[in-house]
Amino acid sequence: MTAARARQELVAGGDLVPVGTRPPIATYTRRLWQRRHFLVAEARARVAAGTRQTILGTAWLVLSPVLDGVTYYLIFGLLLETHRGIENFLGYLVVGVFLFSFTSRCVSGGAQSITSGRAMIRAFSFPRASLPVAVVVREVLNMAWVFTAMVLLVAALPPVERVTWRVLLLPLVFALQVVLCTGLALLVARWTAAVPDVKVLIRFAMRLWLYGSAVFFSIDRFVDHPTVVRIMEANPMFVVLDVARDVLLYGVTPAPGSWAVLAAWAFGLLAVGYLVFWSAEDTYALA
Amino acid sequence: MPWPDLVDESATVVVDDLSMRYHVTADADEAGLGRTARTVRALVGRGPSMIVRAISSVSFVAHGGEQIGIVGQNGSGKSTLLRVVAGLERPSRGRVLATSQPVLIGVNAALQPELSGAQNIRLGCLAMGLDPDRARAAVPEVAELADLGDAIRRPMKSYSSGMAARLRFAIATAANPHILLIDEALATGDAAFRERSEARMEALRRDAGTVFLVSHAARTIEETCTRALWLEHGRVVLDGPAADVALRYRRFAWALAKNRPNQARKIIDAARQAHEEVAVHVLRTPAPRGIARHARPRVRPRTPAGVTARTREEI
């Protein structure tokens, strides 16, 4: 090349650091923590923006799972009679539909977070994981309404539940669900940023997951199929719904095994999702 | 080739042998493909691809207190260079080193259209890593620079493109970046805004910062910059004092505009002759005492506010 006639310029590298390369994971985590205020502000902004797009706004957060629940009640409860063998089917359905809606909103929002945050990505340099995490924070903020509606509905719909101290375990279940969803949101954000077509596949995957999580039928239908039971009991969303129903509807202390399965899934997925997302940190501007 | 015994210690940005290539889809006819190949590509819905070399082997070292203009025709790689220096895109080859995170103000960067101008200021400041108190405190200052009046309370989607560009520029300067990259932002806005933003940039430059400015208007570069880079087809034509480089570029652009390609070629060849290629070597160990310092007056980046100190250590 032209190096022969090139002027050699010596630079003291003391203060110089590479720009635009992926930082080590510890540095990345520290920067993400420093951006926590941005993350919450971004989540709040999206909550406000989301409610302005429709006339009913925030009410849809509660209305859509209610309408979902009514649909499932009509089709599965009345027509297909999946309610047989389920004590308090209405409460069962409400808990299932409301809690599952959180997971599906986190996953679909997480999948879109990089595409819809492209303007921010091109304008500012910040840890990109802020975007999918902000989606989960936004959904947690939204969840305040959904939770209130869920508890009111469960209390209002007959039969009357036995309210025990175990209701206090509900926040713990939800906390584990949030950890699980954060991992998932990071994972799908990375995939959709790399291959946009994944977004379409996620819709189908979520529907399959919904049907496989015993939202509107009972696992007791499969007592004769031990393999199916084993697969379902390993499904983290089934465990979330099962444990939530135990503490809220039936006043039963959930088995330690259920907690173990849920915690393993939640923290496992968070670790995997975080690593997978971080490993492609320097590619998100192009996607 | 003798090694210079001068070690440069005031470098703020080092661009070392940078290249950027893109794969883009191209027109099937122009890519010269046969019918079969075109049919196959039509079936999978992908056009033939071409490689575009946006930047080829660009090297330079920028220092504190410098304001560097980048001139060149459309498609010469000016904006790509800024995006890579800002770390927003990963180069195909080479690297960029900097003393702090460069901040790019581009005309294309949209914020949150649903939010008001004031809310966007706060969000932008938080995105750049300011803490909540500082972000809140920055809002009136930024609003004043952008001078949007009551529009600052309106959602940003109701802004004209000029208003939005002013707001973006004002937000980016709020973090007091040490290294500021500006992509044509000054072309927007009226004379009053231009004057205020030039004063703001002057203040940033006095804080020993480095400013990069991309502009089609060579005159802007001549007036506001200390140094200029002329890019053509992604390569550096000339790197030198702004007055000299911008003048040569203006003559070149004028000759092209008047349809005098021979004259234009002569100007650009002369510029290439005058250009001295640079090979950058970054010394990882601190230079031993006693070695002659770089002739350039040494400007240590001051850290006037906690903001800048914080941005620096974050890298």
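Values quoted throughout were computed directly from the atomic coordinates according to the rules given, and no laboratory measurement underlies them. Note that the coordinates shown come from a computational prediction; the quantities given were computed from them, not determined experimentally. No Cβ is skipped: glycine too gets one built from the backbone with ideal geometry, and neighbour counts run over all protein chains shown.
Values as computed for the structure displayed
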| quantity | calculated |
| --- | --- |
| Amide H partners (placed H, <5 Å) of B:GLY69, local residues excluded | B:LEU213, B:THR226, B:ARG227, B:ALA228, B:LEU229 |
| With 10 Å bins from 0: P(r) over the protein assembly as shown, alpha-carbon pairs, percent | 3, 14, 22, 21, 16, 12, 7, 4, 1, 0 |
| Gyration tensor verdict on region A:23-281 (Cα atoms; rounded if a/c is under 1.5, prolate if a/b is larger than b/c, oblate otherwise) | prolate |
| Local net charge near B:ALA270, Cβ-Cβ under 11 Å (Lys/Arg +1, Asp/Glu -1) | +4 |
| Residue with peak Gaussian network fluctuation, chain A [Cα springs, cutoff 10 Å], from A:ILE114, A:ILE202, A:ILE75 | A:ILE75 |
| Neighbour-count order for A:SER258, B:SER160, A:SER130, fewest beta carbons within 10 angstrom listed first | B:SER160, A:SER258, A:SER130 |
| Shielding by partners - mean other protein chain Cβ count within 10 Å, residues of A:275-285 | 1 |
| Cα gyration tensor shape for region B:130-200, rounded if a/c is under 1.5, else prolate or oblate | oblate |
| Proxy reagent accessibility, fewest Cβ within 10 Å first, across A:GLU87, A:GLU42, B:GLU277 | A:GLU87, B:GLU277, A:GLU42 |
| Per-residue Cβ neighbour rank within 10 angstrom, fewest leading, A:ASP224, B:ASP16 | A:ASP224, B:ASP16 |
| Candidates A:ALA43, A:ALA194, A:ALA205: whichever shows maximal mean-square fluctuation once chain A is modelled as a Gaussian network with Cα springs under 10 Å | A:ALA205 |
| Those Cys residues of the protein assembly as shown for which no other cysteine Cβ falls under 4.7 Å | B:CYS125, B:CYS225 |
| At R0 = 60 Å, FRET efficiency that the Cβ-Cβ distance of A:ALA205 and B:ALA137 yields, to 0.05 | 0.85 |
| A:LEU275/A:LEU172 FRET efficiency (R0 35 Å; Cβ-Cβ; nearest 0.05) | 0.85 |
| Helix-only [θ]222 nm of chain A, DSSP H runs n ≥ 4, -39500 (n - 2.57) each, per residue, nearest 500 | -21500 deg cm²/dmol |
| Environment charge of B:LEU18, counting only residues whose C-beta is closer than 12 Å and scoring Lys/Arg +1, Asp/Glu -1 | +4 |
| Estimated inter-spin distance, A:VAL151 and A:VAL198, nm [label 7 Å along Cα→Cβ] | 3.6 |
| Chain lengthening between B:ASP244 and B:ALA274 when straightened (0.36 nm per residue, less Cα-Cα) | 9.7 nm |
| FRET efficiency, 1/(1 + (r/R0)^6) with R0 51 Å, evaluated for A:ARG30 and A:ARG84 via beta carbons | 0.40 |
| Of A:THR103, A:THR21, A:THR82, the one that fluctuates the most in a GNM where chain A has Cα springs shorter than 10 Å | A:THR21 |
| Label-to-label distance, nm, for residues given as A:ALA6 and A:LEU63 (7 Å Cα→Cβ offset) | 6.4 |
| Pairwise label distance in nanometres, A:PHE267 with B:ASN74, each label 7 Å out on the Cα-Cβ vector | 5.8 |
